[in-house]
Amino acid sequence: MASLKQNPDGSVSIFSEREGIDVLRAGGPKAPTAGNPNYRPGSYLKWQINVPTDTAGALGSWQNNLGYDILVTGVAIDVTTQSAGACTVSVGQAANGTTLSSNIFNGQSVAAAGQFAPAAPVARKVAAGQFITASTASGASSGLVGQLFIEFVPA
């Protein structure tokens with residue numbers, strides 16, 4: 001059984017009585033320090049890529065409608081069916097849902113099945129109202145099937 005627990009620092013936890021641990025903690029002091037942090041649990045976006053087209057943003061786009069800025073901390077593509085020919089995919093922050101952007105994930109080949117993530121760590125702020133787009137950067141995405149995962153925390 002799980003229960004809500006108010007902590008002395010102002011944060012709230014979901015406490016697993018069975019495991020004896022906090023499984024989620026959020027909030028904290030107004031002026032956080034390293035010794036007394038403000039807990040900000042992350043979130044994930046997942047969307048399916050299938051029957052894609054090769055226009056900008058056509059592999060998927062999401063508008064940050066959360067009402068606050070977010071910091072993208074991770075991205076991964078799970079290609080279950082490769083593209084019929086050579087194809088690269090880029091993911092990025094954009095002002096609208098129909099712009100090719102590559103400032104989160106740049107030019108990943110999807111001509112083979114597998115799981116792909118950037119070699120370098122991701123840190124990209126996406127302001128409230130902006131978009132995250134996934135686009136065909138080169139080649140043709142015909143036949144491509146997979147999922148895109150975006151990890152973020154409140155900025």
Task: Members of segment 1-56 found to be β-branched (Val, Ile, Thr), in the same structural domain as Thr98 (by TED's automatic domain parsing) and assigned to a loop (DSSP other than H, G, I, E, B), listed by number - done: Val51, Thr53, Thr55
Open item on the list: Given (1) closer than 15 Å to Lys46 by Cα; (2) touching a Lys or Arg at 6+ places or on another chain (Cβ under 6 Å), identify the lone condition not met by Val145.
Closed with: (2)
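Please determine whether any residue of segment 85-105 is in contact with a Lys or Arg (Cβ under 8 Å, 6 or more places away or on another chain), in contact (Cβ under 8 Å) with a residue 60 or more places away in the chain and assigned to a strand (DSSP E or B). Can you show your working first?
To start, the set of residues in segment 85-105 that are in contact with a Lys or Arg (Cβ under 8 Å, 6 or more places away or on another chain) comprises 92-93, 103-104.
The next check asks that each one be in contact (Cβ under 8 Å) with a residue 60 or more places away in the chain; those that pass are none.
Scanning segment 85-105 turns up no residue that is in contact with a Lys or Arg (Cβ under 8 Å, 6 or more places away or on another chain), in contact (Cβ under 8 Å) with a residue 60 or more places away in the chain and assigned to a strand (DSSP E or B).
Going by the conditions given, is Thr80 part of a strand (DSSP E or B), in contact with a Pro (Cβ under 8 Å, 6 or more places away or on another chain) and farther than 30 Å from Arg25 by Cβ? Before the answer, list the steps.
Working: part of a strand (DSSP E or B): yes; in contact with a Pro (Cβ under 8 Å, 6 or more places away or on another chain): no; farther than 30 Å from Arg25 by Cβ: yes.
Judged against the criteria, Thr80 is not a match.
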TODO: Scan segment 49-68 residue by residue and report those that are within 15 Å of the chain's Cα centre (by Cα) and of a type in the set (Val, Ile, Thr).
DONE: Ile49
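Conditions tested, residue by residue: (1) surrounded by 19 or more Cβ atoms within 10 Å (Cβ to Cβ); (2) closer than 23 Å to Ala155 by Cβ; (3) at pLDDT 95 or above.
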| position | (1), (2), (3) |
| --- | --- |
| Leu59 | yes, no, no |
| Asp69 | no, yes, no |
| Val72 | yes, yes, yes |
| Ile77 | yes, no, yes |
| Ala86 | no, no, yes |
| Ala94 | yes, yes, yes |
| Ser101 | yes, yes, yes |
| Ile132 | yes, yes, yes |
- [ ] Restricting attention to segment 1-11, report how many residues are closer than 15 Å to Asn36 by Cβ and not hydroxyl-bearing (Ser, Thr, Tyr).
- [x] 4
TODO: Given the conditions (1) closer than 24 Å to Pro121 by Cβ; (2) more than 18 Å from the chain's Cα centre (by Cα); (3) among the basic types (Lys, Arg), report the number of the one that Lys46 does not fulfil.
DONE: (2)
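The values are calculated or read from the model by the stated rules, or taken from the named source; none is laboratory data. Just so we're clear, the structure is a prediction, and the values are computed from it rather than from any experiment. Cβ atoms come from the backbone with ideal geometry, glycine included; neighbour counts cover every protein chain shown.
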